[in-house]
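The values are calculated or read from the model by the stated rules, or taken from the named source; none is laboratory data. Predicted model, so just to flag it, every value in this text is computed and none were measured. Cβ atoms come from the backbone with ideal geometry, glycine included; neighbour counts cover every protein chain shown. SASA here: full protein model, heavy atoms, side chains in, ligands and nucleic acids out. Shrake-Rupley method; radii C 1.70, N 1.55, O 1.52, S 1.80 Å.
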Amino acid sequence: QVQLMESGGGLVQPGGSLRLSCAASESIWILNEMGWYRQAPGKQREPVATITSSGNTNYADSVQGRFTISRDNAKNTMYLQMNSLKPEDTAVYYCTADLVTKLGYQMRGVWGQGTLVTVSS
């Protein structure tokens, strides 16, 4: 089964930090471009950060300088280090990836189930 599994969400005070992880299931062979998106209550899903297979990154203006996206290709895992969190960062965070399965199928825009991040005092 092709799955991306997020973890690491939770409740944190403003100014705090969290590290999200996105792990690929065993059926996935190669992860190409990956990204983190978020959806706040009552709002549309928006991009947070993306990373290519070679490690090139892009960030939304709202998180630039506070969030860091990274990946470990050996572990087929992506991370999002979030520092200096603000209440407006509260959202469900989703990972997404273009990938190739071990059976050789190319799949674009595979999404995880999401992990909730709540920033509140």
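In the list P47, P41, which residue meets the criterion of being in contact with a Lys or Arg (Cβ under 9 Å, 6 or more places away or on another chain), open to solvent by 50 Å² or more (accessible area, probe 1.4 Å) and over 17 Å from G8 (Cα atoms)?
Numbers: P41 fails: in contact with a Lys or Arg (Cβ under 9 Å, 6 or more places away or on another chain).
Residue meeting the stated conditions: P47.
Restricted to region 80-99, and to residues there that are touching a strand residue (DSSP E or B) at 6+ places or on another chain (Cβ under 6 Å) and of a type in the set (D, E), the residue that is surrounded by the most Cβ atoms within 10 Å (Cβ to Cβ) is D89.
Can you spot a residue in region 82-90 that is touching a helix residue (DSSP H, G or I) at 6+ places or on another chain (Cβ under 8 Å), under 25 Å from S121 (Cα atoms), assigned to a strand (DSSP E or B) and not charged (D, E, K, R)?
Narrowing region 82-90 to residues touching a helix residue (DSSP H, G or I) at 6+ places or on another chain (Cβ under 8 Å): 82.
Of the ones still in play, those that are also under 25 Å from S121 (Cα atoms) are 82.
Then keep just the ones that are assigned to a strand (DSSP E or B); that gives 82.
When the remaining residues are screened for being not charged (D, E, K, R), the result is 82.
Yes, the conditions are met somewhere in region 82-90.
Within region 1-11, if we keep just the residues that are in contact with a strand residue (DSSP E or B) (Cβ under 8 Å, 6 or more places away or on another chain) and either free of Cβ contacts under 8 Å to residues at least 60 places away in the same chain or outside any loop (DSSP other than H, G, I, E, B) (or both), the residue that is farthest from T118 (Cα to Cα) turns out to be L4. Of the residues examined, S53 is one that is farther than 22 Å from S120 by Cα and open to solvent by 40 Å² or more (accessible area, probe 1.4 Å).
Among the aliphatic types (A, V, I, L, M), under 23 Å from I28 (Cβ atoms) and either touching a Leu at 6+ places or on another chain (Cβ under 9 Å) or free of Cβ contacts under 8 Å to residues at least 24 places away in the same chain (or both), is that true of V110? Considered against the rule, which asks whether it is among the aliphatic types (A, V, I, L, M), under 23 Å from I28 (Cβ atoms) and either touching a Leu at 6+ places or on another chain (Cβ under 9 Å) or free of Cβ contacts under 8 Å to residues at least 24 places away in the same chain (or both), V110 comes out as yes.
Scanning for something closer than 20 Å to Y59 by Cα, β-branched (V, I, T) and open to solvent by less than 60 Å² (accessible area, probe 1.4 Å), does region 100-107 turn up at least one residue?
So the first thing to find is which residues in region 100-107 are closer than 20 Å to Y59 by Cα, and the list is none.
No, every residue in region 100-107 fails to be closer than 20 Å to Y59 by Cα, β-branched (V, I, T) and open to solvent by less than 60 Å² (accessible area, probe 1.4 Å).
Against the condition among the β-branched types (V, I, T), under 21 Å from Q1 (Cα atoms) and surrounded by fewer than 17 Cβ atoms within 10 Å (Cβ to Cβ), how does V110 come out, does it pass? Don't jump to the end; show me each part of the working.
On the way: among the β-branched types (V, I, T): yes; under 21 Å from Q1 (Cα atoms): yes; surrounded by fewer than 17 Cβ atoms within 10 Å (Cβ to Cβ): no.
Judged against the criteria, V110 is not a match.
Would you confirm, using the coordinates I've provided, whether S25 is out of contact with any Asp or Glu (no Cβ under 7 Å at 6 or more places or on another chain) and within 17 Å of T90 (Cβ to Cβ)? Answer is no for this residue. Scan region 100-107 and give yes if some residue there is in contact with a strand residue (DSSP E or B) (Cβ under 9 Å, 6 or more places away or on another chain), β-branched (V, I, T) and at pLDDT 95 or above, otherwise no. Looking for residues that are in contact with a strand residue (DSSP E or B) (Cβ under 9 Å, 6 or more places away or on another chain), β-branched (V, I, T) and at pLDDT 95 or above, one finds none in region 100-107, hence no. Number of residues in region 34-78 that are of a type outside the set (A, V, I, L, M) and assigned to a strand (DSSP E or B) equals 17. Restricting attention to region 12-33, the residues that are open to solvent by 30 Å² or more (accessible area, probe 1.4 Å), in a loop (DSSP other than H, G, I, E, B), at pLDDT below 95 and not charged (D, E, K, R) total 1.
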